[in-house]
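This report concerns only the one structure given below.
The values are calculated or read from the model by the stated rules, or taken from the named source; none is laboratory data. Computed from a prediction, not measured in an experiment: that's the story for all the values here. Here the Cβ positions follow ideal geometry from the backbone for every residue, glycine too, while neighbour counts run over all protein chains shown.
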Amino acid sequence: MRKTWMLLALACAFVAVPSAGAITPTSQQDFVHPYVGLVAFYDAAGNRLYRCSGSMLTPSVMLTAGHCTDASTGAVSARVWLDQGAAGYPSSGGIPAHALANYGFTGFTKAAESHDAGLVILDRPVSLPLYGSLASTGSLERLTKQRGQQVTTFTASGYGLSYRSPVGVVDPRERLMATEQLINLGNHLTDGFNVETTASPGDGRGGTCSGDSGGPLLYDTSNTIVAVDSFGQNANCRGTDFMYRVDRQPVLDWIVANTPPAERALVHIVSL
């Protein structure tokens, strides 16, 4: 599930804009980020509502977007698939989760600060060979100062659509990844809270689409998460992507505070 912000935004109505990895032929199957998973959300009656992507930070904690864990959608539980092909989704398998946390998602109706971060706490921990790390406070400003905006690149990963147009949709339901380039950190849609990146095909770059919501924006080719997939401005997943930054102290503090006490020391914060 991914939000599309058409200038004036769309309150809390979720727009079905496919989301998964990249929207170009340059997208690749992602076997290198085992901590990136597909997460499906359910209402109190057990009906599946929508899907997002997310990153396991510890054996029990998945970071995703706030609009994915927003209680106003009716979501009260989730299931998480962590293999590249999400085997069994949507009819079987997955790890159940009955604890959802929300950073206070405000909807995409006002300022750039949407509080678009959420957590899914698994019912049972999962052992993985690798977990995602979090970028320390102000990492993006430091990186752009050191390297320059035009050469700051990221890797996006997720389980959304790989293509959407007025006449067709391609939904591989697998983890895909693509390279994105920084566009802006300081316009009226970013304002220090979001990252604007490339989404249109070209020069080997890719973008995200519906279903990629909550998936990580990783610095360069590292496993360090600087933001989570938040919204776009084009229903066909063209134009630019907007990612909600997690390299901000209030967000980092909230993540740690909502991590089960036994796993708080496992949340890895990296200085970039």
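Restricting the first member to the stretch 123-137 and to residues that are of a type in the set (Phe, Trp, Tyr), and the second to residues that are part of a loop (DSSP other than H, G, I, E, B) and surrounded by 19 or more Cβ atoms within 10 Å (Cβ to Cβ), the beta-carbon pairs closer than 7 Å and six or more apart or on different chains are TYR131/TYR35; TYR131/LEU57; TYR131/THR58.
For the stretch 162-198, give me each residue that is of a type in the set (A, V, I, L, M) and at pLDDT 80 or above.
Within the stretch 162-198, the subset of a type in the set (A, V, I, L, M) is 167, 169-170, 176-178, 182-183, 185, 189, 195.
Once the filter is applied, which keeps residues that are of a type in the set (A, V, I, L, M) and at pLDDT 80 or above, the stretch 162-198 yields LEU176, MET177, ALA178, LEU182, ILE183, LEU185, LEU189, VAL195.
Exactly one residue among ALA40, ALA44 is free of Cβ contacts under 8 Å to residues at least 60 places away in the same chain and touching a Lys or Arg at 6+ places or on another chain (Cβ under 6 Å), and that residue is ALA40. Taking the criterion of being over 17 Å from LYS145 (Cα atoms), assigned to a strand (DSSP E or B) and not small (Gly, Ala, Ser), the residues of the stretch 173-193 that qualify are LEU176, MET177, THR179, GLU180.
So, of the residues in the stretch 250-265 that are surrounded by 15 or more Cβ atoms within 10 Å (Cβ to Cβ) and of a type in the set (A, V, I, L, M, F, W, C), which turns out to be farthest from GLU113 (Cα to Cα)? Before you say what the answer is, go through the steps one by one.
Just the residues of the stretch 250-265 that are surrounded by 15 or more Cβ atoms within 10 Å (Cβ to Cβ), to begin with: 251-252, 254-256, 258-260, 263.
Now restrict to residues that are of a type in the set (A, V, I, L, M, F, W, C): 251-252, 254-256.
On the way: VAL251: 12, LEU252: 15, TRP254: 15, ILE255: 17, VAL256: 20 Å.
That would be VAL256.
Among the residues of the stretch 216-237, which ones are over 18 Å from THR153 (Cα atoms) and either surrounded by 24 or more Cβ atoms within 10 Å (Cβ to Cβ) or modelled with pLDDT of 95 or more (or both)? Please lay out each step first, then the result.
Kept after step one, since they are over 18 Å from THR153 (Cα atoms), are these residues of the stretch 216-237: 231-237.
Hits for the stretch 216-237 are PHE231, GLY232, CYS237.
Answer yes or no as to whether TYR131 is at pLDDT below 95, within 27 Å of ARG51 (Cβ to Cβ) and aromatic (Phe, Trp, Tyr). When the stated conditions are applied, TYR131 does not pass them. Evaluating ARG142 against the criteria (1) farther than 17 Å from PRO216 by Cα; (2) outside any helix (DSSP H, G or I); (3) at pLDDT 90 or above leaves one unmet condition, (2).
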